[in-house]
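Report on the following structure.
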Amino acid sequence: AYDQKDCLGSANMPEDVALRGVDYLLEHSAEQTHPLAISFYGGAPLLRFPLLKKVVAYAKRRAQEKNKPIGFSVTTNGTLLNASIAKFLISHSVQMVIGLDGPRETHDRHRLFKKGGGSFDVVTAALEMVRNMDADYFDRLVRCSVVVTAGADLEELQAYFRGLHVNIIANFVDTYGLNATKLGSAQAVTGLSALKTRMAARLGEEGSAFLNQEGMSKDFAAVLLSPMIKRFMAADRS
């Protein structure tokens, strides 16, 4: 459905291209002061898990040779995540970003298997597996990517993710390249006014510093609305 689909292609990346990409990163980051980062994104990167393992091992070895700290992340829909893969990702401190849009009805509205049926049970089981394998890793390096689509109940999502107690990345659906009239407006949701009101009250009571408090990455409302708040504050200062 994306206008830019022709530039994405459908071929799998060859191993030599992936490793040359690592070399390019290391050779062109001489002035980099922060740790380097490699993110595995898709499609579905866990379909190429053997290559992912090779890239991690190669990048860690080459980065050590150049005395450069490096980290990794993988974005996945969670359906291929098993104990063996999770063990590797945990042992190498690879941040997991797992797509979960909310409770069953909300998540399964769009995240379906090709042969039909929703993926909610598989994804939530994978999350609990990782939590049980290493609770500290889960608390620090696992995030749920929440895509808020038209028709979502934001107060329901707030309650659901409060109970799940997991780090969150949340955004309204990006309609770039899509037929927005068919998709519907990303703002056509319920509960937005209530969330904005509560966030405004917190700003008045605590100031913007509360957005950086420990645990805010697990607060759905704060994560969803903080970019809007920061833009507003930046405009106000200017």
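When you go through K53, K5 one by one, which is the residue that is modelled with pLDDT under 95, out of contact with any Lys or Arg (no Cβ under 9 Å at 6 or more places or on another chain) and not small (G, A, S)?
Every option except K5 fails the conditions.
Kindly indicate the residue of the stretch 209-238 that is modelled with pLDDT of 75 or more and small (G, A, S) and also farthest from N171 (Cα to Cα) among those meeting that condition.
A209
With I90, I98 as the choices, which residue is touching a helix residue (DSSP H, G or I) at 6+ places or on another chain (Cβ under 6 Å) and either at pLDDT below 95 or under 25 Å from L51 (Cα atoms) (or both)?
I90
For the condition modelled with pLDDT of 85 or more and closer than 29 Å to S39 by Cβ, what is the one hit in A194, A170?
A170 is the lone residue from the list that is modelled with pLDDT of 85 or more and closer than 29 Å to S39 by Cβ.
So, in the stretch 25-42, of the ones that are closer than 25 Å to V97 by Cα and open to solvent by 80 Å² or more (accessible area, probe 1.4 Å), which residue ends up modelled with the highest pLDDT?
Top of the filtered list is S39.
For K68, are the conditions met, namely being part of a loop (DSSP other than H, G, I, E, B), surrounded by 12 or more Cβ atoms within 10 Å (Cβ to Cβ) and not hydroxyl-bearing (S, T, Y)?
Criteria met by K68.
Can you list the helices (runs of 4 or more DSSP H) lying wholly within the stretch 94-177 that have 1 or more residues being of a type in the set (V, I, T) and either open to solvent by 10 Å² or more (accessible area, probe 1.4 Å) or under 24 Å from G43 (Cα atoms) (or both)?
So the answer is 104-107, 120-133.
The values are calculated or read from the model by the stated rules, or taken from the named source; none is laboratory data. Fair warning: this is a prediction, and the values are worked out from it, not measured in the lab. FYI the Cβ positions are ideal-geometry reconstructions off the backbone, even for glycines, and counts take in every protein chain you see. Accessible surface areas use protein heavy atoms only, side chains included; no ligands, DNA or RNA. Shrake-Rupley method; radii C 1.70, N 1.55, O 1.52, S 1.80 Å.
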